[in-house]
1. When residues of the range 83-126 are filtered for being closer than 12 Å to residue 166 by Cα and not in a helix (DSSP H, G or I), how many remain?
2. Using beta carbons and a limit of 7 Å, which pairs, at least six apart or on different chains, have the first residue in the range 179-198 and small (Gly, Ala, Ser) and the second one crowded, with 16+ Cβ neighbours inside 10 Å and part of a helix (DSSP H, G or I)?
3. Would you mind telling me which numbered condition in (1) under 13 Å from the mean Cα position of the chain (by Cα); (2) in a loop (DSSP other than H, G, I, E, B) residue 172 fails?
4. Could you please find all residues in the range 176-190 being of a type outside the set (S, T, N, Q) and surrounded by 10 or more Cβ atoms within 10 Å (Cβ to Cβ)?
5. Yes or no: the range 132-147 includes at least one residue that is in contact with a Lys or Arg (Cβ under 7 Å, 6 or more places away or on another chain) and assigned to a helix (DSSP H, G or I).
6. Looking only at the range 123-141, filter to residues that are hydroxyl-bearing (Ser, Thr, Tyr) and touching a helix residue (DSSP H, G or I) at 6+ places or on another chain (Cβ under 6 Å); which one of those is surrounded by the fewest Cβ atoms within 10 Å (Cβ to Cβ)?
7. Applying the selection to the range 120-139, what residues are more than 18 Å from residue 62 (Cβ to Cβ) and out of contact with any Leu (no Cβ under 7 Å at 6 or more places or on another chain)?
Amino acid sequence: MTCGASYAILLPVNSFFLPIIYVSSHSLPIIMVYLVCRVLWLSFRHKRHSSVRHEVGLALFVICLIWLEWLTIGYPPWDFSAERFTNFVPFEVVRKSINEWQKTGSSGYFKWNLLGNIAAFMPVGFFMYLLWHVSALNTVLSGLTLSLAIECMQFPIGGRWTDVDDLWLNTLGTALGLLISVALKRIAPKFTAGFKVK
């Protein structure tokens, strides 16, 4: 999927927090700009249809999107001259994952490429359905659209993978996040109601 994700995976256990520190140091200015803009926006609005829970959830969603951006596209400067990797054969990643597992006995490729693509988009489905009045179908379509946009942006960047399998894996992750949000609403309807804007 990405070079950033592979770099984080290959780090030794005792260096687990290095990618977190790296992303945080690059993301902090973006988060601060978002918070300032959000406070100003809410301050100048005559009708404030929001809540503390909604704002906390929205901030967490923004942080997840920043992480997703780092994992998939990374930060400049980008190398447009390096080799690009593409795959337009559906389910090729599944076949390679199974073959790698059978040959080496290691499930690392399966876990991080297959399951990683699913897990990365679960917050998209979870937070979109939790925070806004969005239908389940539109939530899933939003995940698919975001995945397609990311794949298009990765294509000209050297060292990145543009993979058709990422589309359905990311969309599946969005759907799973949506199901978790639906289940949470049924378990704790009063609690989750405070996250949605009126």
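Nothing in this text is a laboratory measurement; each read-out follows from the coordinates by a stated rule. If you're wondering where the values come from, they're calculated on a predicted model, not measured in any experiment. Backbone-built Cβ (ideal geometry, glycine too); neighbour counts: all protein chains shown.
1. Final tally of qualifying residues: 6.
2. Listed by first residue and then by second, the contacts come to 181/125; 181/126; 181/129; 181/130; 194/53.
3. (2)
4. Narrowing the range 176-190 to residues of a type outside the set (S, T, N, Q): 176-180, 182-190.
Scanning the range 176-190 gives 176, 177, 178, 179, 180, 182, 183, 184, 185, 188.
5. Checked against the condition, which is being in contact with a Lys or Arg (Cβ under 7 Å, 6 or more places away or on another chain) and assigned to a helix (DSSP H, G or I), the range 132-147 yields no hits at all.
6. Filtering the range 123-141 down to residues hydroxyl-bearing (Ser, Thr, Tyr) leaves 129, 135, 139.
Applying the additional criterion that residues be touching a helix residue (DSSP H, G or I) at 6+ places or on another chain (Cβ under 6 Å) yields 129, 139.
On the way: 129: 28, 139: 23.
Ranking the qualifying residues of the range 123-141, first place goes to 139.
7. Narrowing the range 120-139 to residues more than 18 Å from residue 62 (Cβ to Cβ): 133, 135-138.
Hits for the range 120-139 are 133, 135, 137, 138.
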